[in-house]
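First up is the structure itself, then whatever we jot down about it.
The values are calculated or read from the model by the stated rules, or taken from the named source; none is laboratory data. Since the model is a prediction, treat every value here as computed from it, not as a measurement. All Cβ positions, even for glycine, are placed from backbone atoms using ideal geometry, and neighbour counts span all protein chains on display.
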Amino acid sequence: MKRRNRTVTAACALSLALLMTGCGAQGGKEGAEGEKEIAPSENMNLTGFPIVNEPIQLTFLAGAAPTSNSNWNTVRLFTEYAEMTNINVEWQMVPTDALHERVNLLLASRDYPDAFHTARLTIADIMKHGGEGTFIPLNDLIDEYAPNFKKLLDDNEDLRKGLTMPDGNIYSFPTYYDPDFTYVLVSSPLWLNETWLEQLGMNPPATTDEFYNYLKAVKETDLNGNGILDEIPYAGVRPDNLVNHLKGAWGLGNRGRSHPYVDVNPESGELRFIPTDPRFKEIMEYVHKLYKEGLLNEDIYTITSNEFYARGTEEGNYGSSIITSMETLMGLTNYVGAPALEGPHGDRIFSFYGSPLAAPGSFVITNQNPYPAETVRWIDYFYGDEGNLKFFMGWEGETYETLPDGTLQYTENITNSPDGRTLEQVLMQSLTWAGGSYPGIVKESTFKAALPAMIEAADRVAPYKPEEVWPAFSYMPDESQQMSQLLADIDAYVKEMQAKFITGGLDEWDRYVEQLNRMGLSEFMELYNAAYKRYKEG
């Protein structure tokens, strides 16, 4: 990554990289586990705006989702915030599909930006690069310069526990969902074409058998009236979302979506590895049946997200899908959220329910950054009421309005674009929240992309949420590398074989289970159990 001239000396930059403290006025005392408290420069204001009196320059790398703007250097939110703060951010944008690889390459090369924003970093990433000193500890910086985020930590002990690594440090700012805001914890319900349900004389399916019958009826009926059986019963980008939703119908995934491979066996009370459970085999047989009978889009393994959205918008030919919203992403208003499906053994869990700590690694500051205190002040704004309102709603009278009862809504020019664009497509010129994984807090009062149909869909499945929802676990330094390697190998193999099961059948199931055991599944579960024990003990 090309670096630009800064208003710091080379010696100061070297000192920052090695010691995580600055030169001159930026020295400080030692904090938690060797953390250096970094004092602000004389140029920085401790409260109010601008954050700095004389402008400074920083470089952030950010992930750009297909539904978000591809160049945040021109987005109104950040151009105006630069004027407000005197902190000019040069945004380096990377598509989310390539984000993980790009971040890893930059970190390996030691040529990385001042911060990673909307970074989708995992707990393992945070632990590894925080422990190595690449991501700086934030404990003292948060206490001193992030009053909004500090209050959030103080008010939500589970958030503090989930963000604090085993070494005692917090290295990241997260995406955090208000625990009372059901919709974002549900996130992506199963959507059904309500028009077609009515034409077929069907109620929304409540069981896996009824769901199969609905998909079958969609395939065999000319519901769009064009004389061709071209309706797509279930449409998606890969079958992963469908598989994850179906887990709860077989009693799996009973600790929520942050742990797709591990939950608790209700009979033994012990952790179990979901992808080798006999009931997971039944899920694979069910989805294989859907695939074999042409009830899933035939290009489900090859279609891109952009192609998927465009096809839905242009053709409106989907019988069902699992995404955040058919309305905001494709402009389709004739879809209704399905209830949680009951499976063949009587189980009915909405297993895709998320933890309030939705994305722990949304924003990190690196040891390249010459202005860590100033950067913490910059990001903390978006965890407060004013910044939260600006981040999601924009500008009163232009992008949103306040109703007589005090609630907010987007203006007509946002929700009903004259040129037919979706809400996200209109807002991406000014705001950047579309696509998720941003640093900030999501609250019902300001997250108005959740339209009534989305709220209703979430409320429909909320009674079937898991009794306990885990955030992601963290690992001790001596465990982290072993776990990362085991998880990488196991995850790749599970996904490879899942695709084979869905497209080709279950003939290789026993060999698959044996191979996972040879790959170190027992060691993987031992590490998981150790992390789970620490989580339970707090």
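Odds and ends about this structure:
- Residue in segment 92-112 that is nearest to the chain's Cα centre (by Cα), counting only those that are surrounded by 12 or more Cβ atoms within 10 Å (Cβ to Cβ) and part of a loop (DSSP other than H, G, I, E, B): 112
- The listed residues are 409, 429, and the only one of them that is within 18 Å of residue 181 (Cα to Cα), loosely packed, with under 15 Cβ neighbours inside 10 Å and either at pLDDT below 95 or of a type outside the set (Asp, Glu) (or both) turns out to be 409.
- Residue satisfying all of: in segment 459-481; of a type in the set (A, V, I, L, M) and under 17 Å from the mean Cα position of the chain (by Cα); surrounded by the most Cβ atoms within 10 Å (Cβ to Cβ) among these: 469
- Residue list for segment 345-368, filter: more than 23 Å from the chain's Cα centre (by Cα) and not assigned by TED's automatic domain parsing to the domain that holds residue 206: 367, 368
- In segment 488-534, residue farthest from residue 471 (Cα to Cα) [restricted to those that are in contact with an Asp or Glu (Cβ under 8 Å, 6 or more places away or on another chain), assigned to a loop (DSSP other than H, G, I, E, B) and not small (Gly, Ala, Ser)]: 506
- Residues satisfying the stated conditions in segment 334-356, i.e. surrounded by fewer than 22 Cβ atoms within 10 Å (Cβ to Cβ) and modelled with pLDDT under 95: 354
- Some residue of segment 206-214 being assigned by TED's automatic domain parsing to the domain that holds residue 132, in contact with a strand residue (DSSP E or B) (Cβ under 7 Å, 6 or more places away or on another chain) and at negative phi: no
- Single residue of 115, 146 found to be buried (at least 19 other Cβ atoms within 10 Å of the Cβ), within 22 Å of the chain's Cα centre (by Cα) and not polar (S, T, N, Q): 115
- Residue within segment 369-376 that is charged (D, E, K, R) and in the same structural domain as residue 74 (by TED's automatic domain parsing) present: yes
- Residues being closer than 27 Å to residue 251 by Cα and either in contact with a Ser or Thr (Cβ under 8 Å, 6 or more places away or on another chain) or not in a helix (DSSP H, G or I) (or both) - total across segment 186-209: 13
- Flag not set for residue 189, criterion: modelled with pLDDT of 90 or more, of a type outside the set (Asp, Glu) and farther than 20 Å from residue 452 by Cα.
- Residue satisfying condition, being free of Cβ contacts under 8 Å to residues at least 12 places away in the same chain and more than 21 Å from the chain's Cα centre (by Cα), within set 342, 315, 293: 315
- Among residues of segment 440-462, those that are touching a residue at least 12 places away in the same chain (Cβ under 8 Å) and outside any loop (DSSP other than H, G, I, E, B), counted: 13
- Some residue of segment 414-421 being among the polar types (S, T, N, Q), assigned to a helix (DSSP H, G or I) and in contact with a Ser or Thr (Cβ under 8 Å, 6 or more places away or on another chain): no
- Check on residue 436, small (Gly, Ala, Ser), buried (at least 20 other Cβ atoms within 10 Å of the Cβ) and touching a residue at least 12 places away in the same chain (Cβ under 8 Å): yes
- Of all residues in segment 396-407, those that are touching a residue at least 40 places away in the same chain (Cβ under 8 Å) have Cβ atoms under 7 Å from Cβ atoms of residues that are surrounded by 10 or more Cβ atoms within 10 Å (Cβ to Cβ), 6 or more apart or on another chain, in 400/393; 400/394; 400/408; 400/409; 400/410; 400/411.
- Members of segment 215-224 that are free of Cβ contacts under 8 Å to residues at least 40 places away in the same chain and in a helix (DSSP H, G or I): 217, 220
- Every residue from segment 225-273 that is within 12 Å of residue 351 (Cα to Cα), assigned to a helix (DSSP H, G or I) and within 24 Å of the chain's Cα centre (by Cα): 241, 242, 243, 244, 245, 246, 247, 248, 249
- Selected residue (only one of 498, 429, 481 is farther than 30 Å from residue 530 by Cβ and either of a type outside the set (Lys, Arg) or in contact with a Gly (Cβ under 6 Å, 6 or more places away or on another chain) (or both)): 429
- Of all residues in segment 220-239 being charged (D, E, K, R) and loosely packed, with under 15 Cβ neighbours inside 10 Å, the one that is farthest from residue 300 (Cα to Cα): 222
- Within segment 113-125, residues that are on the phi > 0 side of the Ramachandran plot and at pLDDT 95 or above have Cβ atoms under 7 Å from residues that are of a type in the set (Ser, Thr, Tyr) and part of a strand (DSSP E or B) in these pairs: 118/362, counting only partners at least 6 apart in sequence or on another chain.
- The set of residues in segment 137-162 being touching a Phe, Trp or Tyr at 6+ places or on another chain (Cβ under 7 Å) and under 22 Å from residue 40 (Cβ atoms) consists of 137, 138, 142, 148, 149, 152.
- Residue in segment 45-57 that is in a strand (DSSP E or B), in contact with a helix residue (DSSP H, G or I) (Cβ under 8 Å, 6 or more places away or on another chain) and at pLDDT 95 or above present: yes
- Test: residue 212 is in contact (Cβ under 8 Å) with a residue 24 or more places away in the chain, of a type outside the set (S, T, N, Q), more than 26 Å from residue 514 (Cβ to Cβ) and not in a loop (DSSP other than H, G, I, E, B): yes
- Condition check for residue 503: outside the structural domain of residue 271 (by TED's automatic domain parsing) and β-branched (Val, Ile, Thr): no
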